[in-house]
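Worksheet: the structure to be examined is printed underneath.
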Amino acid sequence: MVKLYGRTLTRRDVAERSGMLSQFAGVRLMTLGDGVERGIRMFEFRTGSGLRFTALVDRALDIAECDYKGQAIGWHSPTGFRHPGLHEYEGEKGLAWARSFSGLLVTCGLDHILGPGEVPADEYNYPGKQSIAHSLHGRVGTIPARLTGYGESWDGDECVLWAEGIVQQSAVFGEDLHLIRRIEADVGGNEIRIRDRVINHGFVRTPHMLFYHFNVSHPLVDEGARYVAPIKDVVWAAHAGDAYRAQDVGYRTLPKPQLGFREQVWQHEMAADAKGDVAVAVLNDALGLGFQVTTRKDQLPCAYQWQNFQAGQYALGIEPSSHHVLGDLAARDRGEMIWLDHDESRTYDVSLRVLDGREALADAEAAIRSIAVQPDEDYPKPSGNFRPLRLDDEK
């Protein structure tokens with residue numbers, strides 16, 4: 001049954017009350033028409049609960065805007081949702097990625113994540129290509145998708161909004177990795193589901209890395225909002241040492257925007273529930289609003305927390321990852337790189353859920369704390385314990 005406007009409705013009830021479902025909810029394709037966004041195809045999803053979000057077809061089907069009952073959740077950076085044709089992947093010594101960095105979700109990968117770096121290219125067996133220079137967070141986030149379908153699907157009295165596409169990261173004498181993405185949301189619901197499959201379409205054994213950069217901002221992110229997660233161990237902090245307390249911002253409680261704030265990044269070791277799920281939430285008690293990201297531990301065993309509280313760029317990042325923050329070369333040296341042969345793949349399942357009201361916030365926090373109680377101090381000493389990653393998960 002569909003829940004709309006405080007009532008539970010059958011498919012017939014919905015049809016009797018409108019000429020089209022789009023009066024209440026739907027998914028539609030449109031094209032942006034101005035500035036750096038000009039020419040980008042975009043899906044707009046409306047579930048009828050107050051949840052609205054957009055997915056940029058021409059930027060890996062990443063989620064751009066997200067709002068709930070008029071309250072923004074997804075981050076809008078100063079760059080805007082820049083058309084990929086304007087992107088210079090190798091510019092600024094690999095940091096030009098930051099000129100296209102905006103939105104609730106920016107996907108990072110598919111063969112490299114984290115900072116710029118150079119890695120061997122032996123697997124591609126091309127004399128003129130001894131190494132590959134990777135830019136920050138990889139290429140996939142600025143590659144257009146090829147649409148395979150979208151629409152509204154009824155199953156009895158329940159309706160799902162959906163869109164699908166294929167993002168091809170391919171080169172001659174290089175990788176041929178395909179990201180097959182499906183996005184779903186239930187009519188009347190507060191949840192976004194992402195189902196990703198990364199497959200090696202080529203015939204060369206190819207490295208694969210991936211993480212999701214989920215970026216939330218004001219009004220959800222505000223002074224006093226809280227980061228809640230089933231943290232077993234604080235593994236690493238980019239600012240550890242003399243700078244650990246210098247900005248007076250720990251991992252648990254969010255400050256107001258700061259002038260001159262320098263980003264802080266943490267890696268946490270998360271516990272999973274009995275089903276293997278890991279849930280991380282940002283809770284704003286004053287608003288009675290929260291946002292929860294749920295992933296699977298066996299698919300994304302690592303987790304980062306990104307704090308960018310600089311005035312004018314105010315955001316918090318929830319970042320589940322396939323690999324440690326140590327990066328590409330370390331993954332190879334430690335024997336933890338994922339290598340995909342022809343037609344091998346990895347699957348990733350993500351749920352994004354808006355938490356509406358104090359009861360929903362309390363229930364989410366209780367569920368997370370029942371798995372593991374996070375450190376009750378703002379500056380826990382990083383352990384430096386980067387546990388070995390298993391690579392024998394189901395492909």
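Annotations for the structure displayed:
- Positive-end extreme of charge dipole, the chain - chosen from Leu289, Ile143, His201 (charges on Cβ): Leu289
- You can think of it this way: the chain between Arg38 and Tyr126 has 27.9 nm of extra reach, that is 0.36 nm per residue less the Cα-Cα gap.
- Here the simple spin-label model places points 7 Å from the Cα toward Cβ, and for Ala240 and Ile166 these points are separated by 4.3 nm.
- Applying 1/(1 + (r/R0)^6) with R0 = 56 Å to the Cβ-Cβ distance of Ala366 and Trp339 gives a FRET efficiency near 0.90.
- Size of electric dipole in the chain: Cβ of Lys, Arg +1 and of Asp, Glu -1, about Cα centre, debye, nearest 20: 540
- Positive contributions from Lys and Arg (+1) and negative ones from Asp and Glu (-1), summed over other residues with Cβ under 14 Å from the Cβ of Ala171, come out at -3.
- Pairwise label distance in nanometres, Leu329 with Asp285, each label 7 Å out on the Cα-Cβ vector: 4.5
- Kirkwood hydrodynamic radius (C-alpha pairs) into Stokes-Einstein, the stretch 255-311, 20 °C and 1.002 mPa s, D in µm²/s: 161
- 19 Å tail of the calculated P(r), the stretch 66-170, as % of Cα pairs: 59
- Between the beta carbons of Glu118 and Trp154, assuming R0 = 45 Å, the FRET efficiency works out to 0.30 to the nearest 0.05.
- Relative contact order computed over the stretch 11-68 (Cα-Cα under 8 Å; 6+ residues apart), in percent: 22
- Per residue accessible area of the chain, 1.4 Å probe, in Å²: 43
- Centre-to-centre separation between the Cα atoms of the stretch 213-227 and those of the stretch 10-38: 28 Å.
- Cα centroid of the stretch 129-190 to Cα centroid of the stretch 96-119, whole Å: 16
- Applied to the stretch 77-94, the Karplus parametrisation 6.51 cos²θ - 1.76 cosθ + 1.60 on θ = phi - 60° returns per-residue 3J(HN,Hα) values of 7, x, 6, x, 8, 5, 4, x, x, 8, 7, 10, 4, 9, x, 6, 6, x Hz, with x for Gly and Pro.
- Relative contact order [Cα under 8 Å, 6+ residues apart], the stretch 225-266, whole percent: 61
- ³J(HN,Hα), Karplus 6.51/-1.76/1.60, whole Hz, each residue of the stretch 290-298, x for Gly, Pro: x, 9, 10, 10, 10, 10, 9, 5, 6
- Ranking Asn385, Gln313, Trp339 by Cα position along the charge dipole of the chain, where only Lys, Arg, Asp and Glu carry charges on their C-beta atoms, puts Gln313 farthest toward the positive end.
- Counting Cα-Cα pairs of the chain in 10 Å increments starting at 0 gives whole-percent bin shares of 5, 22, 33, 26, 11, 2, 0.
- For the stretch 243-287, the Cβ-based charge dipole about the Cα centre amounts to some 200 debye (Lys, Arg positive; Asp, Glu negative; other atoms uncharged).
- Applying 0.36 nm per residue to the separation of Arg28 and Ala98 and subtracting their alpha-carbon distance, the gain on full extension is 22.3 nm.
- The stretch 161-306 - percent of accessible surface contributed by carbon and sulfur, probe 1.4 Å: 50
- Distance cut-off 20 Å, percentage of C-alpha pairs in the stretch 1-157 lying past it: 60
- Whole-number percent relative contact order across the chain, with pairs defined as alpha carbons under 8 Å at least 6 apart: 15
- Loop chymotrypsin sites (Phe, Trp or Tyr not before Pro), the stretch 1-107, which have at most 15 other Cβ atoms in a 10 Å radius of their Cβ (DSSP): Tyr5
The values are calculated or read from the model by the stated rules, or taken from the named source; none is laboratory data. Model, not experiment: these values are computed from the prediction. For neighbour counting, all protein chains shown are included, and Cβ atoms are generated from backbone atoms with ideal geometry for every residue, glycine included. The accessibility values were calculated without ligands, DNA or RNA, using every heavy atom of the protein model including side chains. Shrake-Rupley method; radii C 1.70, N 1.55, O 1.52, S 1.80 Å.
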